[in-house]
Amino acid sequence: MKIVTSLSFQGQCREAFEFYAKVLGGKITFALPYSEAPPEMQVSNPDHKDWLMHCWLEVGDQALMGADMPPEWAPNIDKPKNGFDVSLHTDDVAQARRWFDALAEGGKPTMPLAETFWSPGFGSLVDRFGIPWMINTNPPADAK
């Protein structure tokens with residue numbers, strides 16, 4: 001089984017996923033604009049024809065899915081994302097710092113990356129696309 005987070009955007013999916021691919025060292029393996037979708041799945045607004053109906057980003061054996069969602073399909077798409085975070089885990093504090101700094105660029109840190117009682121480096125942020133992230137450094141096996 002694989003659990004994959006799907007992220008929704010309003011016209012920024014391609015830009016966001018190109019950014020995530022660069023930051024995370026991944027590769028976009030599929031990107032379908034609405035203009036290439038079956039006729040029954042076309043968006044009503046012609047300005048949205050280049051929006052992505054589906055995008056898939058592979059990062060190692062993990063993945064993120066994404067799509068641009070017209071307001072008629074996602075009435076609350078313009079509201080802040082709430083109730084989830086995309087969570088990245090690493091054993092390397094320096095890697096955690098690189099991810100945090102890159103994702104926070106143009107966004108808003110909500111908890112600076114720092115040592116906590118459970119992690120040698122944890123932080124959270126909302127990126128410039130409105131997606132919430134948590135960056136966690138796993139403690140060493142001998143940590144108490």
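When Ala67, Ala31, Ala102, Ala96 are screened for being open to solvent by less than 60 Å² (accessible area, probe 1.4 Å), touching a residue at least 40 places away in the same chain (Cβ under 8 Å) and within 15 Å of Cys13 (Cα to Cα), only Ala67 passes. Here Gly60 clears all of (1) touching a strand residue (DSSP E or B) at 6+ places or on another chain (Cβ under 8 Å); (2) small (Gly, Ala, Ser); (3) closer than 23 Å to Leu113 by Cβ except the condition numbered (1).
Filtered by the rule that a residue be closer than 13 Å to Cys55 by Cα and in contact with a Phe, Trp or Tyr (Cβ under 6 Å, 6 or more places away or on another chain), the stretch 1-45 gives Gly11, Gln12, Ala16, Ile28, Thr29, Phe30, Tyr34.
Within the stretch 127-144, residues that are on the phi > 0 side of the Ramachandran plot sit with their Cβ atoms under 9 Å from residues that are hydrophobic (A, V, I, L, M, F, W, C), at 6+ positions apart or across chains, in these pairs: Gly130/Phe9.
For the stretch 34-64, taking the residues that are surrounded by 13 or more Cβ atoms within 10 Å (Cβ to Cβ) and among the hydroxyl-bearing types (Ser, Thr, Tyr), the one that is nearest to the chain's Cα centre (by Cα) is identified as Tyr34. Checking the structure you have, find out if any residue of the stretch 107-125 is without any contact (Cβ under 8 Å) to a residue 40 or more places away in the chain, open to solvent by less than 70 Å² (accessible area, probe 1.4 Å), touching a Leu at 6+ places or on another chain (Cβ under 8 Å) and part of a loop (DSSP other than H, G, I, E, B). Checking the stretch 107-125: at least one residue is without any contact (Cβ under 8 Å) to a residue 40 or more places away in the chain, open to solvent by less than 70 Å² (accessible area, probe 1.4 Å), touching a Leu at 6+ places or on another chain (Cβ under 8 Å) and part of a loop (DSSP other than H, G, I, E, B).
Filtered by the rule that a residue be farther than 19 Å from Lys22 by Cβ, of a type in the set (A, V, I, L, M) and assigned to a loop (DSSP other than H, G, I, E, B), the stretch 126-144 gives Ala141, Ala143. Count of the stretch 9-28 residues, restricted to those that are open to solvent by less than 40 Å² (accessible area, probe 1.4 Å) and either of a type in the set (D, E, K, R) or not in a loop (DSSP other than H, G, I, E, B) (or both), is 9.
Residue-level analysis places Ile28 among those that are under 18 Å from the mean Cα position of the chain (by Cα), β-branched (Val, Ile, Thr) and at pLDDT 95 or above. Could you run through the stretch 70-83 and say how many residues are open to solvent by 70 Å² or more (accessible area, probe 1.4 Å) and closer than 17 Å to Ile131 by Cα? The total comes to 6.
The values are calculated or read from the model by the stated rules, or taken from the named source; none is laboratory data. All values derive from a computational prediction rather than experimental measurement. Every residue, glycine as well, gets a Cβ built from its backbone with ideal geometry; the counts of neighbours run over all protein chains shown. Accessible surface areas use protein heavy atoms only, side chains included; no ligands, DNA or RNA. Shrake-Rupley method; radii C 1.70, N 1.55, O 1.52, S 1.80 Å.
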